[in-house]
1. Taking the structure as given and computing semi-axes √(5λ) of the Cα gyration tensor in Å, which label from [x] 33, 25, 19; [y] 44, 28, 15; [z] 41, 26, 17 fits?
2. Could you tell me how many degrees, from 0 to 90 and to the nearest 10, lie between the Cα long axis of helix 309-331 and the main elongation axis, the longest principal axis, of the Cα atoms of the chain?
3. Sorting 67, 303 on the 10 Å Cβ count, fewest up front, what's the list?
4. Based on other C-beta atoms within 10 Å, arrange 197, 154, 225 from fewest to most.
5. What is the Cα centroid distance between the range 267-293 and the range 100-123, reported in whole angstrom?
6. Arrange 249, 205 by Cβ neighbour counts within 10 Å, fewest through most, would you?
7. Within 10 Å, count the other beta carbons around each residue, average over each peptide in 291-300, 98-107, 275-284, and list them highest first.
8. Before rounding to the nearest 500, sum -39500 (n - 2.57) across all DSSP H runs of length at least 4 in the chain and divide by the residue total; then give [θ] at 222 nm in deg cm²/dmol.
């Protein structure tokens, strides 16, 4: 806080002004609530990649990804009641956990929508809430934890496409082989109990194995499912290579977990609303840094992946008080 306010001394040099204490900040946070940060996130955090942004589009579609992560929160009765606490045969974990489900623009690592839910329900349930941000012309990459014929059906109805990994327990109804080795098959939507409901969806399945023994999943049969049905337009190998862009959202989550101290750092907020407020604040900060990285990379045609997120954090932190000290001169 002292470093953050250092530049403000140039604007308000009155020595009687003192830095607020922790209790004052906590009180103001309660007065602010979560709604302003949620609205700010919804208004500001939008896809920013252009046609010229390296890796932003594949097959003419904007690459997006959905994934989730869990974060430890303060061990209070309210947090435990709302978010739940993981447990196993040895007992309960030390802290409750909140599940964050994110929609990300792959090329820029910008998180453009988020939901925060209890730890326990399956992550797939939260994915439906992110459909509000799916736009025509997107290709949504899904991990196998988000496999759902019903989810695919809704995304396709929004005039977007899907490329996801098929869970091993899913048995599609084979239709016919395609020229590139992939095949067409039917998948049935399921209700919450796993019962097949509604009409089957025609999809394309690509099966492949990883031959490099140094890579995760070596020797396993991997199955991808997609709504891009024509092998003449999009080949199986192109889809396999494209799917690995889904790791961009894993990288983004790792950026937040590692450099924002979320992975091994318990969120301090004592109530569910404050937890959500804190998470939106972190996502807004992350978006701001990533947007600056994109702004720096675009003029020289550089992929923003080539820039160091850690270095960007350091530059922004060091420059914050300098920006503040420039404000009086800029306004004079």
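Values in this text are rule-based calculations from the coordinates and carry no lab data. It should be emphasised that the depicted structure is a prediction, and the values quoted were computed from it without experimental measurement. Here Cβ is always computed from backbone atoms with ideal geometry, including for glycine, and neighbour counts include all displayed protein chains.
1. Read-out from the structure maps to [z].
2. Value to nearest ten degrees: 40.
3. Neighbour counts put them in this order, fewest first: 303, 67.
4. 197, 154, 225
5. 13
6. 205, 249
7. Taking the mean over residues of other Cβ atoms within 10 Å, the ranking is 98-107, 275-284, 291-300.
8. Mean residue ellipticity at 222 nm (helix-derived): -10500 deg cm²/dmol.
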